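Worksheet for the structure shown next.
The values are calculated or read from the model by the stated rules, or taken from the named source; none is laboratory data. Values in this document were obtained by computation on a predicted structure and should not be read as measured data. Virtual Cβ from ideal backbone geometry, glycine too; neighbours counted across all protein chains shown. Calculation scope for accessible area: heavy atoms of the full protein, side chains included, ligands and nucleic acids excluded. Shrake-Rupley method; radii C 1.70, N 1.55, O 1.52, S 1.80 Å.
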Amino acid sequence: HPLLVDFFHINILEFMSVVITGWCTIKALRLVNMDGWKILSQTDNTSALGWMSGSTRFDPDNLVSTIMREFIGRQWAKLLLQAGLSDYSQHIAGENNVIADHCSRHTNMSNSEQLYHIRQKFEHLMPDNFRFVALDDEISSWIVSIMDKGIRAMSA
């Protein structure tokens, strides 16, 4: 969403994206009591990758980023604990992350336009069931609450 891009640094958005993708996966597959199972979190953003395991380091020079990282990291930890999962974070080279990069760089396109262009360019990379999924109210509300925390931190 363009408003998010204007408000958050790209590294924070990448971290949010990893968590939201995992959250959607946990919900869609109804993962509970999965003790011993791991969920794969892939990103081409090395900052987000590092924050997957240590998001709460305080940075006095960047209070808003610190607050955002902590809030996002806590949500990810809560989701993992509730599902009984552990996280397996993995770096994916940027040049291999072409579909996600296409989506994040063409935010003016509708979902159907995005899907059409992705199929045209990257058909060989797409699974048959590739689709866009609307975020439910719980996840959307969480995103708004992150924005609210950021705004409060900036005005403090």
Revision key, fill the gap. Within segment 4-50, of all residues that are among the hydrophobic types (A, V, I, L, M, F, W, C) and part of a loop (DSSP other than H, G, I, E, B), the one nearest to Arg69 (Cα to Cα) is Phe8
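Against the definition (open to solvent by 40 Å² or more (accessible area, probe 1.4 Å), in contact with a helix residue (DSSP H, G or I) (Cβ under 9 Å, 6 or more places away or on another chain) and either in contact (Cβ under 8 Å) with a residue 24 or more places away in the chain or outside any loop (DSSP other than H, G, I, E, B) (or both)), how does Glu138 come out, yes or no?
Numbers: open to solvent by 40 Å² or more (accessible area, probe 1.4 Å): yes; in contact with a helix residue (DSSP H, G or I) (Cβ under 9 Å, 6 or more places away or on another chain): yes; either in contact (Cβ under 8 Å) with a residue 24 or more places away in the chain or outside any loop (DSSP other than H, G, I, E, B) (or both): yes.
So Glu138 passes the test.
Say whether the condition of being basic (Lys, Arg) and either closer than 23 Å to Val144 by Cα or surrounded by 13 or more Cβ atoms within 10 Å (Cβ to Cβ) (or both) is met by at least one residue in segment 74-81. Explain how you work it out, then say what you get.
At the first step, the residues of segment 74-81 found to be basic (Lys, Arg) are 74, 78.
Then keep just the ones that are either closer than 23 Å to Val144 by Cα or surrounded by 13 or more Cβ atoms within 10 Å (Cβ to Cβ) (or both); that gives 74, 78.
Yes, segment 74-81 contains a residue that is basic (Lys, Arg) and either closer than 23 Å to Val144 by Cα or surrounded by 13 or more Cβ atoms within 10 Å (Cβ to Cβ) (or both).
Looking only at segment 141-156, which residues are of a type in the set (A, V, I, L, M, F, W, C) and touching a residue at least 12 places away in the same chain (Cβ under 8 Å)?
Within segment 141-156, Trp142, Ile143, Ile146, Met147, Ala153, Met154, Ala156 meet the criteria.
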**Study point:** Condition met for Ile92 (touching a strand residue (DSSP E or B) at 6+ places or on another chain (Cβ under 6 Å) and open to solvent by less than 80 Å² (accessible area, probe 1.4 Å))
**Key:** yes
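Output the residues belonging to segment 6-41 that are polar (S, T, N, Q) and open to solvent by 90 Å² or more (accessible area, probe 1.4 Å). Talk me through it step by step, then tell me what you get.
Initially, segment 6-41 is screened for residues polar (S, T, N, Q), giving 11, 17, 21, 25, 33, 41.
Asn33 - this is the single residue of segment 6-41 that is polar (S, T, N, Q) and open to solvent by 90 Å² or more (accessible area, probe 1.4 Å).
Looking at Lys121, Lys149, which one is assigned to a helix (DSSP H, G or I) and open to solvent by 90 Å² or more (accessible area, probe 1.4 Å)? Even if it seems obvious, please write down each step before you answer.
Numbers: Lys149 fails: open to solvent by 90 Å² or more (accessible area, probe 1.4 Å).
Unique residue meeting the criteria: Lys121.
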Check your understanding: Name the residues in segment 60-69 that are surrounded by fewer than 18 Cβ atoms within 10 Å (Cβ to Cβ) and touching a Lys or Arg at 6+ places or on another chain (Cβ under 9 Å), would you?
Key -> Thr66
Exercise for review: Considering (1) on the phi > 0 side of the Ramachandran plot; (2) without any contact (Cβ under 8 Å) to a residue 12 or more places away in the chain, say which one Arg119 fails and leave the rest.
Suggested key: (1)
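Any idea how many residues of segment 68-107 are assigned to a helix (DSSP H, G or I) and at pLDDT below 85?
Going through segment 68-107, the residues assigned to a helix (DSSP H, G or I) turn out to be 68-83, 94-96, 98-105.
Add one more test, that the residue is at pLDDT below 85, and what stays is 94-96, 98-105.
Number of matching residues: 11.
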Exercise for review: List the number of the failed condition for Arg57; all other conditions in (1) surrounded by 13 or more Cβ atoms within 10 Å (Cβ to Cβ); (2) at pLDDT below 90 hold.
Suggested key: (1)
Exercise for review: Determine whether segment 105-122 contains at least one residue that is closer than 30 Å to Gly36 by Cα and of a type outside the set (S, T, N, Q).
Suggested key: no
